[in-house]
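The values are calculated or read from the model by the stated rules, or taken from the named source; none is laboratory data. The model shown is predicted, which means the values in this text are computed figures rather than measured ones. Virtual Cβ from ideal backbone geometry, glycine too; neighbours counted across all protein chains shown.
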Amino acid sequence: GLSIVISPLLSLINDQVKALVDKDYPATYLSSSQTERERKAVYRELAKTRPTIKLLYLTPEQFVKSGALQDILGRLHRAGFLSRLVVDEAHCISQWGHDFRVDYKNIGKVKQTLFPGLPSMALTATATEAVRTDVMKTLHMTKKSTDVFRVSFNRPNIRWQVLPKNYENDKDGIPQYVAYIAEYINTKWPGESGIVYCMTRDECEETCAYLRDEFGVRCGFYHAGMTPKQRNLVQLAWKAGRLPVICATV
């Protein structure tokens with residue numbers, strides 16, 4: 001059957017679908033970054049009595065608001081062809097979560113109304129007890145019928161270091177914190193892949209320009225102000241190693 005996977009970011013969706021398709025697994029997605037021809041091809045496949053697609057990735061907005069998509073998925077559910085609903089980054093459902101989104105909150109209502117009885121799975125790496133309770137309640141997952149798997153928040157493979165940020169410019173007018181980042185990249189991780197997180201879109205572009213033009217770091221920037229095509233090109237270049245460093249918004 002077909003599993004529906006709801007994910008919050010188009011970049012995550014594109015990345016995961018590409019990895020699956022590269023392994024010859026029948027997965028696809030629907031998003032605003034697709035051409036009309038690509039979207040119609042997905043709809044034609046879903047309209048079949050037995051679609052060959054096994055994983056369909058959607059944003060929460062599509063799952064909650066697209067009447068045409070709901071009609072097609074509802075028909076598949078009534079025919080017994082939907083296997084499960086998977087909600088990735090499920091902490092976005094909860095008002096107690098750090099990244100609450102309204103359309104995530106409505107996933108449970110749509111599921112209960114249009115897809116009653118459909119098995120559900122919620123995945124997140126950042127769920128407190130309050131968030132877990134909220135997610136289960138919203139998705140109508142009872143304690144009796146739900147298995148919960150938990151691991152520690154501690155990630156022993158990640159090292160944290162907090163340093164003061166110097167906003168002053170050096171003699172060449174370059175912010176000293178950018179010079180430090182460049183030195184760190186070029187001396188400790190030359191040519192390696194990494195992300196420099198910035199607070200604003202302008203800071204992404206400015207930091208990238210300094211790193212590239214003043215310190216020779218091969219980098220690009222990535223933020224919501226870019227078109228889907230621009231973001232996708234940067235993501236593909238980063239994945240392929242052509243742009244080892246990306247400056248992105250948090």
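Among the residues of region 54-95, those identified as part of a helix (DSSP H, G or I) and among the β-branched types (Val, Ile, Thr) are Val64, Ile72, Ile93.
Can you find a residue in region 96-103 that is assigned by TED's automatic domain parsing to the domain that holds Ile6, modelled with pLDDT under 90 and not in a loop (DSSP other than H, G, I, E, B)? The answer is yes; a qualifying residue exists. If you go through region 2-51 and keep only what is surrounded by 14 or more Cβ atoms within 10 Å (Cβ to Cβ) and of a type in the set (Gly, Ala, Ser), you end up with Ser3, Ser7, Ser11, Ala27, Ser31, Ser33.
Residue by residue, here is whether (1) surrounded by 10 or more Cβ atoms within 10 Å (Cβ to Cβ); (2) over 26 Å from the mean Cα position of the chain (by Cα) holds:
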{"site": "Leu118", "(1), (2)": "yes, no"}
{"site": "Asn157", "(1), (2)": "no, no"}
{"site": "Asn169", "(1), (2)": "yes, yes"}
{"site": "Asp172", "(1), (2)": "no, yes"}
{"site": "Ala182", "(1), (2)": "yes, yes"}
{"site": "Ile185", "(1), (2)": "yes, no"}
{"site": "Ile195", "(1), (2)": "yes, no"}
{"site": "Thr200", "(1), (2)": "yes, no"}
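Of all residues being of a type in the set (Ser, Thr, Tyr) and in contact with a Pro (Cβ under 8 Å, 6 or more places away or on another chain) in region 143-193, which is nearest to Ala122 (Cα to Cα)? Just the residue, please.
Ser193
Is it true that Val178 is modelled with pLDDT of 90 or more, touching a helix residue (DSSP H, G or I) at 6+ places or on another chain (Cβ under 9 Å) and either among the aromatic types (Phe, Trp, Tyr) or in a loop (DSSP other than H, G, I, E, B) (or both)? Against the criterion (modelled with pLDDT of 90 or more, touching a helix residue (DSSP H, G or I) at 6+ places or on another chain (Cβ under 9 Å) and either among the aromatic types (Phe, Trp, Tyr) or in a loop (DSSP other than H, G, I, E, B) (or both)), Val178 does not qualify.
Give me the residue from region 202-222 that is assigned to a helix (DSSP H, G or I) and among the hydroxyl-bearing types (Ser, Thr, Tyr) and, out of that set, surrounded by the fewest Cβ atoms within 10 Å (Cβ to Cβ). Filtering first and then ranking leaves Tyr210.
Each row is one residue, and each column tells you yes or no for (1) at pLDDT below 95; (2) over 28 Å from Thr138 (Cα atoms); (3) of a type outside the set (Ser, Thr, Tyr); (4) assigned by TED's automatic domain parsing to the domain that holds Cys92.
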| position | (1), (2), (3), (4) |
| --- | --- |
| Leu9 | yes, no, yes, yes |
| Asp15 | yes, no, yes, yes |
| Asp22 | yes, yes, yes, yes |
| Arg37 | yes, yes, yes, yes |
| Arg50 | yes, yes, yes, yes |
| Tyr57 | no, no, no, yes |
| Pro60 | yes, no, yes, yes |
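Filtering region 137-162 to residues that are touching a residue at least 12 places away in the same chain (Cβ under 8 Å) and part of a loop (DSSP other than H, G, I, E, B) leaves Leu139, His140, Met141, Val148, Phe153.
Conditions (1) in a helix (DSSP H, G or I); (2) closer than 23 Å to Arg231 by Cα; (3) within 14 Å of the chain's Cα centre (by Cα), marked per residue:
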position	(1), (2), (3)
Lys18	yes, yes, yes
Tyr25	no, no, no
Glu45	yes, no, no
Thr52	no, no, no
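Filter region 67-115 down to the residues that are without any contact (Cβ under 8 Å) to a residue 24 or more places away in the chain and over 18 Å from Val131 (Cα atoms), then identify the one that is surrounded by the most Cβ atoms within 10 Å (Cβ to Cβ). Once the filter is applied, the top-ranked residue is Arg75. Of everything in region 126-136 that is more than 10 Å from Ala90 (Cβ to Cβ) and without any contact (Cβ under 8 Å) to a residue 24 or more places away in the chain, the residue that is surrounded by the fewest Cβ atoms within 10 Å (Cβ to Cβ) is Glu129. Remark: pairs (first residue in region 173-198, within 26 Å of Ala224 (Cα to Cα); second residue assigned to a helix (DSSP H, G or I) and of a type in the set (A, V, I, L, M); Cβ separation under 6 Å; 6+ apart in sequence or on different chains) = Ala182/Leu211. When the test is whether a residue is polar (S, T, N, Q), touching a helix residue (DSSP H, G or I) at 6+ places or on another chain (Cβ under 8 Å) and modelled with pLDDT under 90, Asn169 passes it. The set of residues from region 14-45 being of a type in the set (A, V, I, L, M, F, W, C) and more than 16 Å from Trp238 (Cβ to Cβ) comprises Val17, Leu20, Val21, Ala27, Leu30, Ala41, Val42.
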